[in-house]
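What follows is a short report on a single structure.
Bear in mind these aren't lab numbers, they're just calculated from the coordinates by the rules spelled out. Bear in mind the structure is a predicted one, so any value in this text is a computation, not a measurement. Every residue, glycine among them, receives a Cβ derived from its backbone with ideal geometry; neighbour counts consider all protein chains shown.
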Amino acid sequence: MLSGDNPGFDSHCHLHFKHFDDDLEQVVKSSALAGISQIMIPSIDAATAGKSAAIAEKYGLYSAAAFHPEHLPEDETGETGWLDIRRVLLRPRTVAVGETGLDYYHRTFSPEKQLIWFLRHIELAESTGYPLIVHSRGAEADVLDHLPSSLTVPVILHCWGGNEALTDLAVSRGCYIGVGGPLTYRKNDSLRRIIARVPHNRLLSETDSPFLPPEPFRGRRNEPSFTTYIIQSVRDLWDSRMSIENTSYILRENALNAYRLHPESRRADIVYRHGDSLYVNLTSMCMNSCNFCIRKTSDGVSDYYLMHREDPSEKLILSTLRSFPIEDSEELVFCGFGEPTLRSDVLMKCAGHAAERGVKTRLNTNGLCTSFLPDEEVRKLLGSFDSVSISVNASGSVEYNRVCPSTVDAPWEHLMKFISMAKASGVKTQLSAVSSSGVDIQRVQTLADRLQLALRIR
């Protein structure tokens with residue numbers, strides 16, 4: 001059993017299978033009691049992707065969405081299921097594409113069809129920045145042949161069965177190697193020799209529950225709590241003098257890095273859902289430090305992680321928008337965890353892309369872009385959107401400076417200028433204010449009435 005201060009990570013566990021329908025809550029509790037409190041739930045098709053996401057959201061776990069090579073769509077294009085997979089990837093705790101890959105052991109589908117879908121998943125992962133979980137039973141060489149030699153996202157080779165040469169190649173290309181119950185089997189010295197070659201920082205512990213239980217439980221249903229037996233076997237392989245806690249710590253750090261969940265390098269969501277709308281998170285930069293800003297107390301909202309350590313590239317932002325079904329939403333809102341107009345070029349390109357797909361767009365802004373953009377650029381920016389919501393949060397400059405300290409000189413004057421330009425542009429315009437900010441809302445309402453604009457209280 002691991003301590004609560006050093007939780008283990010089961011990096012691959014199918015809690016969505018019917019094997020857990022009758023006692024799922026108890027399985028999750030037992031796992032936590034054993035010290036395995038972090039679990040990744042990969043899916044095998046669109047239906048299990050939705051179920052995995054719901055389990056992850058209910059219990060504070062993580063999930064992934066994809067078609068397994070044994071569970072591909074039966075129809076020719078599979079577009080309905082593929083659309084559902086991409087919808088699930090927009091859910092807050094779904095953080096990876098998986099499991100996908102090739103399976104030459106069962107060959108439920110032809111290798112040609114498997115490859116088509118494998119390549120689609122690789123493209124989806126790279127276009128959105130999501131890690132990729134790969135199944136490779138009897139097809140390890142072909143999997144490595146078709147993975148890009150220069151990986152732009154982490155790749156997890158789940159339940160790896162490649163030989164020594166293929167293992168060395170996979171590791172040299174930066175892949176993570178997942179190992180589970182078979183490592184504990186008494187007659188599996190060949191696997192132990194192969195896993196011993198894997199650098200400590202590239203190995204992940206997994207159960208693949210409900211399958212492949214470790215040696216003491218063979219013939220029974222596998223469970224995430226049994227990850228402790230995998231960790232112990234890894235410890236014995238590395239150094240029997242190493243503590244289980246230290247081994248678990250290393251394996252957990254590896255899993256956090258592999259799934260881009262590590263606090264020091266976590267992937268921030270570019271697109272997230274709030275209510276009936278999708279929001280686009282372009283930047284974590286802002287010229288204001290408002291006293292009510294959520295960033296002072298949180299790194300995200302509604303289980304989405306939004307604090308960019310480094311702002312995403314224009315290429316990644318646009319490819320992410322292209323990959324997701326943004327048509328599902330009532331509107332696409334550019335808000336995020338910073339001031340979107342600080343990236344005005346990519347902001348307008350994104351708005352243009354949404355317009356091409358018939359999606360309405362709204363800009364949420366603090367209205368201070370007139371401090372760094374020429375007037376003509378501001379007009380062009382406003383013309384890119386169907387509506388604009390301007391965070392005013394005060395009734396005058398003194399109150400604004402108190403509530404929204406800014407690096408901009410004369411911010412209230414710039415805000416008023418932007419409001420005037422927005423009204424003149426003809427774009428649908430409203431003001432917004434936060435009720436808990438300590439401002440006199442009635443005075444803000446009087447200002448909005450004078451400006452003949454609607455005020456939304458948040």
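Things to note:
- Alpha-carbon spread of segment 8-258, three principal axes, descending order, Å: 53, 42, 32
- Among Lys428, Lys18, Lys417, sorting on how many other beta-carbon atoms sit within 10 Å of each Cβ, with the fewest leading, yields Lys18, Lys428, Lys417.
- Coarse-grained scattering of segment 187-255 at q = 0.21 Å⁻¹, given as base-10 log I(q)/I(0) from a Debye sum over alpha-carbon atoms: -0.94
- Charge dipole (debye, nearest 20) of segment 8-258; +1 at Cβ of Lys and Arg, -1 at Cβ of Asp and Glu: 660
- Helical runs (DSSP H, four residues minimum) scored at -39500 (n - 2.57) apiece and divided by the length of the chain put the mean residue ellipticity at 222 nm at -11000 deg cm²/dmol.
- Listed candidates [x] 55, 32, 29; [y] 47, 24, 19; [z] 36, 26, 19 - label of the one calculated as semi-axes √(5λ) of the Cα gyration tensor in Å: [y]
- Cβ-placed point charges (K, R +1; D, E -1), dipole of the chain about Cα centre in debye, nearest 20: 720
- In degrees, nearest ten, helix 244-258 long axis to first principal axis of the chain (Cα): 50
- Net charge of neighbours whose Cβ lies under 12 Å from the Cβ of Gly300, counting Lys and Arg as +1 and Asp and Glu as -1: +1
- Net charge, Ala141 excluded, C-beta distance under 14 Å - Lys, Arg +1, Asp, Glu -1: -4
- Only one residue of Leu144, Phe324, Ser110 has its Cα farthest out toward the positive end of the dipole of the chain, where Lys and Arg carry +1 and Asp and Glu -1 on Cβ, and that residue is Phe324.
- With Cα atoms, 0 to 90° folded angle of helix 79-88 axis to the chain main axis: 70
- Taking other Cβ atoms within 10 Å as a rough exposure proxy, Phe334, Phe211 sort from fewest to most as Phe211, Phe334.
- Helix 314-323 and the long axis of the chain differ in direction by around 70°, with both axes built from C-alpha atoms.
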